[in-house]
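Here's the structure we're looking at; comments come further down.
The values are calculated or read from the model by the stated rules, or taken from the named source; none is laboratory data. Because the structure is a prediction, the values reported are computed rather than measured. Heads up, the Cβs are rebuilt from the backbone with ideal geometry, glycines too, and the neighbour counts pull from every protein chain shown.
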Amino acid sequence: MKLFVLANGLLMCDRANLIAMPNLGTKDKPHTTSDWVESPVYAVLIEHPDGLVLFDTGCNPDAMNGRWDEASIQRTPYIAGEKDSLVGALRRLGYAPNDIAHVVVSHLHEDHAGCLEYFTKSEIYVSDTELAQTMKLYAIGQPAGGYIMKDIESWLRAGLHWNLIEDNTTEYDLLPGIRILNFGPGHTFGMMGLQVDLPNTGTIILPSDAINIAENLGPPIRYPGLAWDTRGYYNTVRRIADLQRKTNAQIWYSHDAEFYKTLIKSDEGYYD
């Protein structure tokens with residue numbers, strides 16, 4: 001197996017999205033200011049003897065050109081360079097979306113599911129509850145937070161091949177050495193991660209936004225500013241920490257700018 005990190009630009013956001021109350025007010029300093037920070041976005045491609053696996057799909061390239069609503073643009077503006085296109089990154093590796101056998105989507109926010117519409121030949125794996133609740137928001141006309149109306153409409157038009165991971169399925173062996181981790185509610189209605197066991201690099205846990213940045217992991221566990229279910233979030237972080245200890249795994253944080261700098265990007269090499 002080979003694992004490639006596909007750069008997909010970055011979001012700008014209030015650091016409070018990633019970790020709750022980073023600048024707590026005090027009696028002597030009651031009016032604190034926000035930290036406006038970079039939040040990297042990336043996907044992961046795994047070359048496996050039994051087929052290509054993509055974990056998450058990043059942001060849609062038209063995010064800032066009418067795809068996203070104005071509230072989302074104001075909250076988390078997206079910045080992408082010439083080499084930050086997901087499809088472009090795949091092309092430079094010799095692949096097209098139709099070559100991807102399996103797409104595992106951690107959750108359906110705009111920076112993780114923004115390019116799902118391109119993968120019409122792939123099997124798309126998602127939490128049953130995450131998809132159901134996302135579609136409920138769409139049906140009542142109230143997408144919230146990172147759920148984008150035009151993203152959802154694009155999935156419906158594309159006729160994607162959904163594979164639903166039910167709540168009682170905590171782990172799902174996708175291919176030898178690749179395991180879907182079903183975390184349940186936490187950051188969103190239903191979060192999923194991926195465990196990849198590489199021959200030389202060892203075990204990598206991709207928790208997506210179950211752990212945004214290293215500070216969330218702790219100890220002590222520190223919540224993000226955005227969490228649908230705080231108890232579920234806490235239980236998920238505990239589960240990931242236990243799994244890390246058992247497998248001596250690396251945890252790859254989803255939006256940690258300093259950690260992201262240490263990763264080998266697909267244009268530079270790969271992990272095996």
So K121, is it more than 24 Å from W68 (Cβ to Cβ), in contact with a helix residue (DSSP H, G or I) (Cβ under 9 Å, 6 or more places away or on another chain) and either among the small types (G, A, S) or modelled with pLDDT of 95 or more (or both): yes
Hits in the range 231-260 - residues which are assigned to a loop (DSSP other than H, G, I, E, B), crowded, with 17+ Cβ neighbours inside 10 Å and not acidic (D, E): A249, W252, Y253, S254, H255
Hits in the range 85-110 - residues which are touching a residue at least 60 places away in the same chain (Cβ under 8 Å), in contact with a Ser or Thr (Cβ under 8 Å, 6 or more places away or on another chain) and not polar (S, T, N, Q): L86, A89, R92, L93, H102, V105, H107, L108, H109
Filter pass, P220 being surrounded by fewer than 16 Cβ atoms within 10 Å (Cβ to Cβ), over 30 Å from K83 (Cα atoms) and either of a type outside the set (S, T, N, Q) or modelled with pLDDT under 95 (or both): yes
Those residues of the range 135-181 which are more than 20 Å from N60 (Cβ to Cβ) and assigned to a helix (DSSP H, G or I), in sequence order: K136, A139
Inter-residue pairs, beta-carbon under 7 Å, first farther than 24 Å from P199 by Cβ and in contact (Cβ under 8 Å) with a residue 40 or more places away in the chain and in the range 3-14, second in a strand (DSSP E or B) and among the aromatic types (F, W, Y), 6+ apart: A7/Y42; N8/Y42; G9/Y78; L11/Y78; M12/W36; D14/W36
Cβ pairs under 7 Å, 6+ apart, first in the range 197-210 and in a strand (DSSP E or B), second among the β-branched types (V, I, T) and loosely packed, with under 15 Cβ neighbours inside 10 Å: T203/T247
